[in-house]
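Reviewing the structure listed below.
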Amino acid sequence: MDGSVPNSWFQQEDVYPSIRRFWEPHVHRFFRGNIWVVEGRDADLVVDFGMGIVPLRPHLGLTSGKPVIAVATHVHIDHVGSFHEFEERLGHRAEAEAFAAMPDDRTLIETFRELADPVAQPPYEGWTKQNHLVTVAPLTRVLDEGDRIDIGGFSFEILHLPGHSPGSIGLLEPGRGILISGDAIYSGQLVDEVPGADVGVYMETMRVLACLDVELVLGGHNAPISGDLTRAIAKEYLSQNRSRREQSHSRE
Ligand SMILES: [Zn+2]
Ligand SMILES: [Zn+2]
């Protein structure tokens with residue numbers, strides 16, 4: 001693996017046979033999202049697309065001529081920056097309009113621009129956070145709960161996992177016990193107070209995740225986690241928010 005190429009904007013590692021993780025080490029940790037490439041027999045699947053600060057696609061090592069299916073787990077900027085570089089773009093119905101227009105209050109790009117140090121080093125001379133623009137990427141196929149994406153050797157089922165955002169999805173490979181979970185769940189501070197987030201809805205998603213039969217979870221941020229840790233994080237979120245809500249009710 002070539003995870004430490006000097007001057008490279010992206011880092012990468014193999015996490016499972018035919019599944020590779022890419023990320024942007026120089027991006028502020030709040031916006032340092034994961035990009036997943038799953039090599040199927042018939043097509044390659046790319047899930048999430050980083051900040052779009054530099055072109056992503058040339059770095060992914062995709063086989064030329066092989067079909068590529070691009071799936072965005074949700075419309076936040078740290079997941080859709082380079083979505084427009086792909087022709088076949090899939091995302092959830094609840095965010096279809098947002099993918100087509102990418103308004104600032106849905107991508108949260110302003111939060112990135114407001115950071116004092118959004119990147120540890122500029123990607124090229126002359127780059128500034130103000131001139132980093134969002135490129136719209138309308139969906140070419142709208143996804144709903146239960147839809148399937150089969151790339152040969154891997155068959156993913158779409159789970160609608162709202163709460164972090166209205167159209168957040170996960171991709172479940174039931175035969176292998178793998179979930180690509182976007183920002184619905186990962187190891188680290190979960191985000192439920194940004195525009196579009198809803199704690200009550202998020203709790204419903206956590207009830208699903210707390211008993212989901214998976215072994216390996218590839219989240220929107222940070223390193224992969226086990227199914228046991230995933231279920232524990234979901235249960236912890238539920239118990240914290242239950243007591244938070246009980247306290248706020250008792251104060252009313
Ligand atoms: Zn997000
Ligand atoms: Zn994210």
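The values are calculated or read from the model by the stated rules, or taken from the named source; none is laboratory data. Remember, it's a predicted structure, so these values are computed and weren't measured experimentally. Cβ coordinates were reconstructed from backbone atoms using ideal geometry, including for glycine residues, and neighbour counts include every protein chain displayed. Heads up: the accessible areas ignore ligands, DNA and RNA and are worked out on the full protein's heavy atoms, side chains in. Shrake-Rupley method; radii C 1.70, N 1.55, O 1.52, S 1.80 Å.
Observations on the structure shown:
- Residue satisfying all of: in the stretch 187-235; part of a loop (DSSP other than H, G, I, E, B) and closer than 22 Å to GLU246 by Cβ; nearest to the chain's Cα centre (by Cα) among these: LEU190
- Of all the numbered requirements in (1) surrounded by 15 or more Cβ atoms within 10 Å (Cβ to Cβ); (2) in contact with a Lys or Arg (Cβ under 8 Å, 6 or more places away or on another chain); (3) of a type in the set (Ser, Thr, Tyr), THR140 misses one, and that requirement is (1).
- Selection status of HIS74, part of a loop (DSSP other than H, G, I, E, B) and within 16 Å of ligand 2 (Cβ to nearest atom): yes
- Per the listing GLY146, GLY177, GLY152, GLY196, the residue uniquely in contact (Cβ under 8 Å) with a residue 40 or more places away in the chain and either of a type in the set (Val, Ile, Thr) or closer than 23 Å to GLU88 by Cα (or both) is GLY152.
- SER82 vs. criteria hydroxyl-bearing (Ser, Thr, Tyr) and either within 15 Å of ligand 2 (Cβ to nearest atom) or touching a Gly at 6+ places or on another chain (Cβ under 8 Å) (or both): yes
- Residue match in the stretch 65-77 (condition: modelled with pLDDT under 95 and open to solvent by less than 50 Å² (accessible area, probe 1.4 Å)): no
- Pairs where the first residue, in the stretch 206-232, is within 18 Å of ILE19 (Cβ to Cβ) and within 16 Å of ligand 1 (Cβ to nearest atom) and the second is in a loop (DSSP other than H, G, I, E, B) and open to solvent by 20 Å² or more (accessible area, probe 1.4 Å), C-beta under 6 Å, 6+ apart: LEU218/PRO224; HIS221/GLY188; ASN222/SER187; ASN222/GLY188
- Residue in the stretch 161-173 that is more than 16 Å from the chain's Cα centre (by Cα) and touching a residue at least 24 places away in the same chain (Cβ under 8 Å) present: no
- Matching entry among ARG57, ARG32 (being open to solvent by 40 Å² or more (accessible area, probe 1.4 Å) and either touching a His at 6+ places or on another chain (Cβ under 6 Å) or within 15 Å of ligand 1 (Cβ to nearest atom) (or both)): ARG32
- Residue in the stretch 18-38 that is under 26 Å from ASP117 (Cα atoms), more than 16 Å from the chain's Cα centre (by Cα) and not in a loop (DSSP other than H, G, I, E, B) present: no
- Residue in the stretch 57-69 that is more than 22 Å from ILE178 (Cβ to Cβ) and touching a Phe, Trp or Tyr at 6+ places or on another chain (Cβ under 9 Å) present: yes
- Per the conditions (1) open to solvent by less than 10 Å² (accessible area, probe 1.4 Å); (2) of a type in the set (Phe, Trp, Tyr); (3) in contact with a His (Cβ under 6 Å, 6 or more places away or on another chain), the sole criterion not satisfied by PHE83 is (3).
- Within the stretch 168-226, tally of residues that are small (Gly, Ala, Ser), surrounded by fewer than 24 Cβ atoms within 10 Å (Cβ to Cβ) and within 25 Å of HIS26 (Cα to Cα): 3
- PHE49 satisfies every condition listed in (1) open to solvent by 50 Å² or more (accessible area, probe 1.4 Å); (2) in a loop (DSSP other than H, G, I, E, B) except (1).
- Identity of the residue in the stretch 86-101, within 16 Å of ligand 1 (Cβ to nearest atom) and touching a residue at least 60 places away in the same chain (Cβ under 8 Å), that ends up most open to solvent (accessible area, probe 1.4 Å): ALA94
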